[in-house]
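Let me begin by presenting the structure, written as structure tokens, before commenting on it.
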Amino acid sequence: MAALALTLALAAPGGGMPALAEQPAAPSAAQPTPTPAAASSPQACWDATAFPAMIQTCTAVVDDLALDAKMRLRARSMRAYAHMRLRAFKAGLADANAVITAMPRNDFALATRAVILGSQGRHQQALADYDRLRVLKPRSFRFAYNRARTLVALQRNRDAVAAYADTLKLKPDFAVAYNDRCVAHRRLKAFALAKADCEAAIKLKPRQLDAYRNLAAQYLDQKRYDEAVSAWRQATEVFGAPLITALRVKLIKAELLKGQPQGAFDATVEAALKACFKVDC
């Protein structure tokens, strides 16, 4: 399984599973799955081509009392990660806690535990781990990004804006961080800053649907319907027919302008736009 490498989470802040970082290189899918008998080091764990095989191989290393204790702990941290990826959170948390107790500076185990805690909605505890990772790995833009997302989940939006700024200092071309900071700015009703962040995200990564969604949403927050529709029209030019709903909204607006009261117009267009935002194209 080539997907053993950790990737950045692109879900909306507070949702989904945050990513880990600072991981070993991804194994190739062409590599054979090592058998327990062949497992003699943590590298054998990482060479597994599927998460169940990774757990099996790491277990063989962890249980081999002839091996160095640190080597066995490294294998256990990888087993924690494999459990996490399979959403076996109880087992993953047990492994991560054991590693962190013995090796408090093990960033891989700390990051795994933070992901699990966040997935369980235990964001304050996850933040404590990301704060530790910030000290251990101050140059990691991924850890900085995950910390910012956790602050959003805690509704600490001002702190999140500052954390996203830290992330962007480390990686100025990180389009997803601009898009996510737009959400924090929206919640603070800092609409000019939200707009600027969405536009920066689109400039860096034009095929990022969430950035168009958030650009339109911040206009919607201000009841600036023409500009919200224009943002969706801009998305249709990039993504094509699946986003034709934006044009339907334009037609709804034109029909309402023929004589219905302004209040009815606002309510209908707002409802239609909100329906657009829920579509995953």
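Numbers at a glance
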| item | result |
| --- | --- |
| Sum of side-chain charges, Arg134 neighbourhood, beta-carbon under 12 Å (Lys, Arg +1; Asp, Glu -1) | +1 |
| Cβ-derived FRET efficiency at R0 51 Å, Glu199 paired with Gln43, nearest 0.05 | 0.70 |
| Per-residue ³J(HN,Hα) for the range 69-80, Karplus 6.51 cos²θ - 1.76 cosθ + 1.60, θ = phi - 60°, Hz, x for Gly and Pro | 4, 5, 5, 5, 5, 4, 5, 5, 5, 5, 5, 4 |
| Nearest-10 value in Å² for the accessible area of Ser230, using the 1.4 Å probe | 70 |
| Cα Rg, Dmax, the range 77-173, angstrom units | 13.2, 37 |
| Difference of contour (0.36 nm per residue) and Cα-Cα distance, Leu170 to Ala192 | 5.6 nm |
| Too-long pairs where the Cα-Cα distance tops 28 Å, listed order kept, from Lys90/Lys169; Lys90/Lys137; Lys169/Lys223; Lys137/Lys195 | Lys90/Lys169; Lys169/Lys223; Lys137/Lys195 |
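The values are calculated or read from the model by the stated rules, or taken from the named source; none is laboratory data. Predicted, not measured: the structure shown is a model, and the values here were computed from it. Every residue, glycine among them, receives a Cβ derived from its backbone with ideal geometry; neighbour counts consider all protein chains shown. Please note that ligands, DNA and RNA were not included when accessible areas were found on the heavy atoms of the full protein model with its side chains. Shrake-Rupley method; radii C 1.70, N 1.55, O 1.52, S 1.80 Å.
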